[in-house]
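Asks: Here's a structure for you.
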Amino acid sequence: MNNSTISANFTTGKRKVAIIGVGYVGASIAYALTVRNIAREIVLIDKDIQRAQGEASDIRHGVPFMGTSFVYAGEYADCTDCDLIIICAGRNRRSGETRRDLVDSNVDIMKNVIASLKPYYTHGTILVVANPVDILTQVASDLMQLPNGRVFGSGCILDTSRLTACIADYLSLSTDAVKAIVVGEHGDEQTPVWSRAAIAGVPIDEYCEAVGLPWGDTQRQTLHEKVRSMGASIICNKGKTHYGIATCVCYLADAVLNQRQIIAPVSSPLVGEYGVKGVSLSVPSIVGVNGVERRLEERWSEKEYAQFLTAADRLRECLESL
Ligand code: NAD
């Protein structure tokens, strides 16, 4: 395994978080952060000021029985002393749309957000959640010009959570026992890394053989299709997805605010790892106070690696067309 050291060390203190874009996703993240008591101060920023004020009051009224977070509606100037800035501004998918169909409108919104944020930015890590998250991470990172990794995207963390849940269901096990990740694009070209999937440290094919469960291409394809289409099927049922991503973002926020050094498949601008440059994609990454502090180069199967490179090519084409 090769490692690449990325950002310089940096320390945090106030655990202050800004959330830019307080629609379903941004508000759910703010709520989840207060429930888990991860941030001391949470400022909600939206071009729709009334919406931000409404969400801030609603969330704040639950805090007295839960924790100590101070939640309020603010403006870009409030980002100045933030440790973490989470960007959720952008329109969401309609039924039948792919995440890449959001490129034109959400790249414009991202440019607008970064132009408003930059004059007040001092030191925080920036976490991009709006879709298409890999494209927007690359755009935000290019515009901010910070050390590599300080801007990163939630990437395949949600797909990984979904895959973990699907495998656990198939094996009738707790999700704690399952270690499996999705890498590459947070989108249709995502890659589940079956070659490294393990159950309590035992390779998944060995585990299935030991307990007498079928494990082969059919099972893998069925599980992957379920994971890949899960966002679209939730949108078809209720119009949007927000709780799942909110919980995943809390996990990442905890890693940044409390220097947890977790390893998670998140998106950041690759600089040659896996033979890819100038595109943001999810690979196993150490996440701490500086955002993505290190990307890990694992060995995957040839098929997995080829799928990852296809996603990189498609995203590069998309970036070049902007
Ligand atoms: P939403 O429409 O409910 O909220 C978007 C918010 O962004 C609105 O409140 C809007 O006023 C605000 N906004 C738009 N332009 C802005 C600007 N220039 N400055 C500040 N605020 C601005 O949408 P949502 O359901 O909350 O989804 C938000 C984004 O998150 C979408 O792009 C969606 O696709 C994405 N998403 C990502 C994941 C993931 O896994 N990364 C999961 C679910 C949704």
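The values are calculated or read from the model by the stated rules, or taken from the named source; none is laboratory data. Computed from a predicted model, the values in this text were never measured in an experiment. Here Cβ is always computed from backbone atoms with ideal geometry, including for glycine, and neighbour counts include all displayed protein chains. Each accessible area value is taken on the protein alone, full model and side chains, heavy atoms only, with ligands, DNA and RNA left out. Shrake-Rupley method; radii C 1.70, N 1.55, O 1.52, S 1.80 Å.
Asks: Of the numbered conditions (1) in a loop (DSSP other than H, G, I, E, B); (2) surrounded by fewer than 24 Cβ atoms within 10 Å (Cβ to Cβ); (3) within 18 Å of the chain's Cα centre (by Cα), G155 fails exactly one; give the number of that condition.
Replies: Looking at each condition in turn, G155 falls short on (2).
Condition check ((1) under 15 Å from E304 (Cα atoms); (2) within 14 Å of the ligand (Cβ to nearest atom); (3) at pLDDT below 95) across all residues:
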position: D142; (1), (2), (3): no, no, no
position: I167; (1), (2), (3): no, no, no
position: I181; (1), (2), (3): yes, no, no
position: E185; (1), (2), (3): yes, yes, no
position: Q190; (1), (2), (3): yes, yes, no
position: L213; (1), (2), (3): no, no, no
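Asks: Among the residues of segment 60-68, is there at least one that is over 14 Å from C88 (Cα atoms) and under 24 Å from the mean Cα position of the chain (by Cα)?
Replies: Narrowing segment 60-68 to residues over 14 Å from C88 (Cα atoms): 60-68.
With the extra rule that they be under 24 Å from the mean Cα position of the chain (by Cα), the set shrinks to none.
So far as segment 60-68 goes, no, none of its residues is over 14 Å from C88 (Cα atoms) and under 24 Å from the mean Cα position of the chain (by Cα).
Asks: Pairs please, first residue from segment 110-138 and within 11 Å of the ligand (Cβ to nearest atom), second anywhere and among the aromatic types (F, W, Y), Cβ atoms under 6 Å, 6+ apart in sequence or on different chains.
Replies: Filtered contacts from segment 110-138: S116/Y76; L117/Y76.
Asks: Just to be sure, is D169 acidic (D, E) and open to solvent by 10 Å² or more (accessible area, probe 1.4 Å)?
Replies: Details: acidic (D, E): yes; open to solvent by 10 Å² or more (accessible area, probe 1.4 Å): yes.
Criteria met by D169.
Asks: Can you work out which of the residues in segment 96-125 that are part of a loop (DSSP other than H, G, I, E, B) and not polar (S, T, N, Q) is least open to solvent (accessible area, probe 1.4 Å)? Please lay out each step first, then the result.
Replies: Going residue by residue through segment 96-125, those that are part of a loop (DSSP other than H, G, I, E, B) are 96-98, 121-124.
Restricting the remaining residues to those that are not polar (S, T, N, Q) gives 96-97, 121, 123-124.
On the way: G96: 82, E97: 41, Y121: 37, H123: 46, G124: 1 Å².
Within segment 96-125, the match that is least open to solvent (accessible area, probe 1.4 Å) is G124.
Asks: Give all pairs with beta carbons closer than 8 Å in which a residue from segment 219-246 that is away from the ligand (no atom under 12 Å from the Cβ) meets a residue that is assigned to a loop (DSSP other than H, G, I, E, B); count only pairs at least 6 apart in sequence or on separate chains.
Replies: V227/Q190; R228/D188; R228/Q190; C236/S95
Asks: Let me ask something additional. Here is a list: V202, V182. Which entry is of a type in the set (A, V, I, L, M, F, W, C) and open to solvent by less than 50 Å² (accessible area, probe 1.4 Å)? Give the steps one after another, and end with the answer.
Replies: Values: V202 fails: open to solvent by less than 50 Å² (accessible area, probe 1.4 Å).
Selected residue: V182, the only one of V202, V182 that is of a type in the set (A, V, I, L, M, F, W, C) and open to solvent by less than 50 Å² (accessible area, probe 1.4 Å).
Asks: So how many residues does segment 70-95 have that are surrounded by fewer than 22 Cβ atoms within 10 Å (Cβ to Cβ), part of a loop (DSSP other than H, G, I, E, B) and in contact (Cβ under 8 Å) with a residue 24 or more places away in the chain?
Replies: Step one: of segment 70-95, the residues surrounded by fewer than 22 Cβ atoms within 10 Å (Cβ to Cβ) are 70, 72-78, 80-81, 91-95.
Going one step further and asking which of them are part of a loop (DSSP other than H, G, I, E, B), we end up with 74-75, 91-95.
The next check asks that each one be in contact (Cβ under 8 Å) with a residue 24 or more places away in the chain; those that pass are 74-75, 92-95.
So the answer is 6.
Asks: In segment 247-268, what residues are hydroxyl-bearing (S, T, Y) and either more than 13 Å from the ligand (Cβ to nearest atom) or surrounded by fewer than 18 Cβ atoms within 10 Å (Cβ to Cβ) (or both)?
Replies: Step one: of segment 247-268, the residues hydroxyl-bearing (S, T, Y) are 247, 251, 267-268.
Matches in segment 247-268: T247, S268.
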